[in-house]
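Comments concern the structure below.
The values are calculated or read from the model by the stated rules, or taken from the named source; none is laboratory data. Remember, it's a predicted structure, so these values are computed and weren't measured experimentally. Quick reminder, even Gly has a Cβ in these numbers, built from the backbone with ideal geometry, and neighbours come from all protein chains shown. With ligands, DNA and RNA removed, areas are computed over all heavy atoms of the protein, side chains included. Shrake-Rupley method; radii C 1.70, N 1.55, O 1.52, S 1.80 Å.
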Amino acid sequence: MEDKKCYLYAPPRPQPGRAPKRRRLVNTGQPTTWELREHAFHEAWAQQEHQIQGAIDDADRSTLEKIAAFVSGVVPGPRRDRPPIPTGLVITGPSIASHGPFFRRVSDKIIADTKSIFVPLNSAECPNLKTLLKTLIRKATSGLPIDEDDDELPPSGAHKTGSKPLDYDLCLLLDWYSKTPVDKITIAIQDSEGFDDSIIVETIELLSSWSDRLPFVLLFGIATSADRFQDRLTGSAILSLEGEQFVVEQAEESLEKIFRATVEGPHVSLRVGPNLCRLLLDRHSDHSQSTQDFYDSLKYAYLCHFYANPMSVFLNRSLEFDQINHSAFEALRTLPSFRNYVEALLEDGSTDEIHSLLDSDQFLFANIKQHLELGQTALSRLTSAIAVVVILRNAMWKTQQVRYSSLYIRSASGDLYGSPLTRETILMVRKASSDTFSHVLATLASLRHSGLPMDIKEYQQALADLTEHSTTSAPLKSHYDVQSNTLRTTLVAQKVDLSKHKSTLSKQDAAYSDLIGRFHDELEAYLTEALIDPHSLYLSEILLYDLKSPHNEVFAPKPRFAMERALSSPHDYLNCSCCAESKAEGEHQLSASQPPSTILYQLYLESGAMLNVNDLWLAFNAITGGEDNQSEDVTTSLFQRSLAEFKYFGLVKPSRKKVDHVSKMMWKGL
Amino acid sequence: MKRKSAGVAPGTPTPKKNRTSTRQNGELDNDGAVKSPEVETPSKRRRGEQDLMKELHQAKANGATTGEINGGNTPGTPRSQRKVLFTTPTKPRQEDTPNGTPTIVRNADRSARRKSARRLIERTINGDESDEEALDEEDTLAQEILGGEGEGEGDEEEQDENDSGASPIPETPSKRGRGRPRGRPRKERSPTPPQNLPPHEEFFWQNRPGGTKTSNNTLPSSTLLNHDEYFTTMQSYEDPHGPERDFLLELHSRSFDQWIFELEQGFNICLYGYGSKRLLTDEFAAHLYDYLLARSSDISDTQLPRILVVNGYTSGITIRDIISSLASAIFTSTVKLPTQPGPLLSHVLSCLSSYPPSQPIQILLNSIDSLPLRRGPAVSLLAQLAAHPSIHLLCTADTPNFPLLWDLGQKAQFRFVFHDTTTFAPYDAEIDVVESVNELLGRSGRRVGGRDGVGFVLRSLPENARSLFRILINEQLDLLSADTNDNDNEGLGEQPASVQTPRHKLQLATRKHASESGMGMEYRMLYHKAVGEFVCSNEVGFRTLLKEFHDHQMVESRKDGMGTERLWIPFRREELEGLKEDFEVEGL
């Protein structure tokens, strides 16, 4: 089977010797609670996916609607003159990876909302005008179901004149168009930067010459800017377009929304910890720039948690006590957070409870259920507290906006409470003037899942009363703020002004100051309570997933490093006794017992940019070879095999500079 | 300088010169002139004569024939001998500059610098100087530069000697030897390369000019095994690391269930690491099959699990093969399908979208980074394929830099999770060991059965084809011998090279470089030659003739750095000569 190109796998006929081995693998693979955990995973992830999908839809709903409205606003129908082609310039931003999904959503939206077909084109499938037209016609004509007898292309192409149009003739499209209920043809050029200028120009000119018969709508995906796009077109091409610009929300912003959706809210059963979070966000900003990648990483985090952590079974909401066996509880009793919890109980002196926790699985089960709920509530309070801080902060400092994600990372590692940022923010609240305050209150009131203990409405009411009675149009000032204000005026103005200023403070401002002082105190108390260190929570091992290790290897692998390591220190992988000795002796010792390729690799590393194969062979033979003829044959074949492997990996390539030389292509550790 | 010296000590050097030159010219003169040099006051006329003679003398001294002067000179003046042998080509002009040690020094410096620059250029272009040359290079260079400095000193010394009038001194003093700095120790050269360099430093160290010092040994062709020998040997060979490899395999196979879970969750898997992963994917296929079978019996599905195994490493594989076998797994054979891979794939995918199968189709692709699958649209088609929810892809990658194959968009389509599965297993199926080593060493001619095979093929070809092959052989031999001649020239030393201006030498070097790096004949040139010899009349015919050779792998072609196509016969020089002989003898 190994030299066949492709084949469908068929199991070998059952042989008495082999069958048991495979069965063993199947049976030992899954631990007992896996099905419960799998269920929990599906439950949790479905919830998350729903949230994320909502966030994504939210992120570009308005753009999609605008585009759909633009497309449906085009009046179809044949015309005498050649009208300019309606063109949407969609500024999609620099993240190529998110273009595909975006245009898929555009496609769904357009097909659902308008009587148009949607033909996506990308630069890879259209190297020249001819192929572009072919692809366009093919995609358009197969885009919507047409008559069943229209199975083959040529009959539909039998033109009135009797001549058969070629497969890149737009006549085919016209024929098809006249038979379908579709009223316009939307062509989306997904990556306009990937196309040659000339192809775009030619396409536009060709399409515009058909625009009296075929109602085209063009959509260009533009990663840079509309100006740059315009620069690439010729004047005549621009004249035959009628453009409108749509700006898609950038990956950075939509990621922020998605991120918020994944951690906020009381229904999130598993949250990502700060370290992993930082890793994911860094990778997003530095490398991938795609929400898809973030989505995948988050999903993988869930996958890992539920697959590899047996404790995660307790996140199954419909879990019954008799579904789990004793060992799960035993495992749970070893958790560090459980120990901390028990120690805390011990200090309180509730020894009975400790006894029950340690002895009775039933009691522990109830305890876990209860505390998981509590933990989730606490975390949810934490996330909404972060949201509050973000709102306050961004209301006070218009210039320096903070991101929710960065605050989440700080708070999840437990250092947001008491940090200068929080203190500053709270102090600034006290100094806020009435208009800022009312703005803050309005935003807080609109906050979803806010766990705010205070009554925002009451504050709003009080503030409204105050401002109503205010005689001046100027916003009310808090006396915390006014003090500094006065200080400033004394420096600049005369004494008379100062006293006058103080007199206005007295009535409404004093009342306002009281109000905002109260708000400040309540806020401080709230934040103190809510901004906890999540890792100090009981059962935080279940509620948080914060492992970097599989993520790095799984999403950002280092294949070259892995191969170099395998070749330079095979012991790391093989763990064999023979290579252990040489490993112990020195960092990279050569010994005959190592696999032949690794020996050759050492020689390869030691040599210069060119390798004489004969000398290489002599050195190789000197290390591995034996005396007799037979062993020399073995040595040679091993040498040949290793050399061939090196060529396969691209470590060496033939050199024409000297006879029997090869050139070195890779340096270790680069 | 000469004039200056003449001014200081008039006449001292002139008579000697006079003597030597007169002797050379065979004029009647006697030793009396030597004995009473002071008496003669050099007149203007005489001085002009002397200058002329000096020039004449120099011209001869710098000429190819040295015996005359040596013969003319008195014995016991070894210096003059050395002078003539080692004189530098730029010297005469320095001598002619009217006045001045400073100029000479400057000139000497400049020439040394120029020379060193030229050498550097040559070496960078050639890059393949022999060991000794490379070793001595820096020292010679240093000597030359220092020699240039020493020249000034030498002149002064010479002047002193002239003043004392102690010995007969040739007018072009030797530069070498005299100018060597005295008492200055030679730079110590460590025989071992620097240790523990960081990787990038190591790269530059090993790629430094002249850094490649390899011997000229060649591998005797008897050393390498042929297919039969290789396979017999490998069959009897037992890997001492067998148990450890089995353990590694077992270790990886423990993750099978995890992989299945990942695949089910919409991820695709890419396995990397050293060692063939074919065994692993085979085992996984079996495991997956059992799993899917058990699962489909749970949901009472009659459809057998569909696992498509693709061996990407097979040499002739195309993306079309993959897609059409996928299509044949989905559709019955009676359905008419598009033939082009692109439309076929979109057809398959749209069918899968509109009628999603009860169980996704599993594709196990060995070596996704193999040569045939790296090119052209294959990658993007594979990405489209993998992006479909009803397709689960597990692939393996062998080369260390495979992630460079995909751009961001394709990466997002693939949705890979990567797993390191180093197995240390030999790539038995993936690599044709004997063949690829032969190719690596430029001995792929062995494939056609060597000289005899080529002769056999040629005999069955028409006259024109044979003529074309003959042209190619001759051209290639010419190129090879041009290379060696150039090398010989280098080896002959300063004498012939000294006549050439630096530019000539540079041109020579570049020409040599071109012929080497190209190694083979330009397609265009061969075509014109062929047309010129009436082998063919147009390019189509030419291509047809070449195709025959390509089919028998008697000719290989490649694009060089400039993008021009080059053709060559994959044989070594001796074999080519043999072939040429065959042509002559048999009249092939």
Review point. Hey, what do the phi angles of region B:279-287 turn into as Karplus ³J(HN,Hα) couplings, whole Hz, using 6.51/-1.76/1.60 and θ = phi - 60°, x for Gly and Pro?
Key: 4, 4, 5, 4, 5, 5, 4, 4, 5
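With a/c under 1.5 counting as rounded, go ahead and sort region A:559-664 into rounded, prolate or oblate using the C-alpha gyration tensor (a ≥ b ≥ c being the square roots of the eigenvalues; past the cut-off, prolate if a/b is larger than b/c, else oblate).
oblate
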Revision key, fill the gap. Within chain A, the percent of DSSP beta bridges that are antiparallel, given to the nearest 5, stands at 20
**Study point:** FRET efficiency estimate (nearest 0.05) - Cβ-Cβ, A:Ala445 to A:Glu468, R0 30 angstrom
**Key:** 0.95
Review point. Can you flag which of A:Lys668/B:Lys559; A:Lys164/A:Lys184; A:Lys558/B:Lys277 are past 23 Å Cα-Cα?
Key: A:Lys668/B:Lys559; A:Lys164/A:Lys184
**Study point:** Residues in region A:296-345 that, when all protein chains are in place, have 30 Å² or more less accessible area than the chain alone would give (probe 1.4 Å)
**Key:** A:Asp296, A:Lys299, A:Tyr300, A:Leu303, A:Tyr307
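Nearest 0.05, what FRET efficiency do A:Arg317 and A:Lys507 give at R0 = 51 Å with Cβ-Cβ as r?
Calculated value: 0.40.
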Revision key, fill the gap. Once Lys and Arg are counted +1 and Asp and Glu -1 for all other residues with Cβ under 10 Å from that of B:Asp420, the total becomes +1
**Study point:** Accessible surface buried upon A-B contact (total; probe 1.4 Å; Å², nearest 100)
**Key:** 8800
Exercise for review: Determine the share of chain A's accessible area contributed by carbon and sulfur atoms, expressed in whole percent, with a 1.4 angstrom probe.
Suggested key: 52
Review point. In nanometres, what is the gap between the two model label sites at A:Ser406 and B:Glu229, each 7 Å from Cα along Cα-to-Cβ?
Key: 6.8
Review point. So what is the accessible area of region A:301-436 per residue, in Å², with the probe set to 1.4 Å?
Key: 45
Point to revise | Average partner coverage of A:372-378, which counts Cβ from other chains inside 10 Å | key: 0
Check your understanding: Which value at 222 nm does chain A reach when only helices count, each DSSP H run of 4 or more adding -39,500 (n - 2.57), with the total divided by all residues and rounded to the nearest 500 deg cm²/dmol?
Key -> -18500 deg cm²/dmol
Practice item. Over region A:559-664, calculate the relative contact order: mean separation of alpha carbon pairs under 8 Å at least 6 apart, over the residue count, as a percent. Key: 24
Point to revise | Out-of-range pairs (alpha-carbon distance over 29 Å; input A:Lys658/B:Lys411; A:Lys130/A:Lys179; A:Lys657/B:Lys580) | key: A:Lys658/B:Lys411
Revision key, fill the gap. Quick shape check on region B:271-331: root eigenvalues a ≥ b ≥ c of the Cα gyration tensor, a/c under 1.5 is rounded, otherwise prolate if a/b tops b/c, else oblate, and it reads oblate
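Mean separation of Cα pairs under 8 Å and 6+ residues apart, divided by the residue count of chain A: what relative contact order is that in percent? Spell out each step's value before the answer.
Numbers: 792 pairs, mean separation 89.4, N = 670.
Here the relative contact order equals 13 percent.
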**Study point:** For a label point 7 Å along the Cα-to-beta-carbon line of B:Ser460, residues of region B:524-559 with backbone N under 17 Å
**Key:** B:545-555
**Study point:** Net lengthening on full extension, A:His267/A:Thr234 (0.36 nm per residue, minus Cα-Cα)
**Key:** 6.4 nm
Exercise for review: Take peptide B:423-433, look around each residue's Cβ out to 10 angstrom, count Cβ atoms belonging to other protein chains, and average those counts.
Suggested key: 5
Review point. Once you sort the root eigenvalues of the Cα gyration tensor of region A:57-249 as a ≥ b ≥ c, which label holds: rounded (a/c under 1.5), prolate (a/b larger than b/c) or oblate (the other case)?
Key: prolate
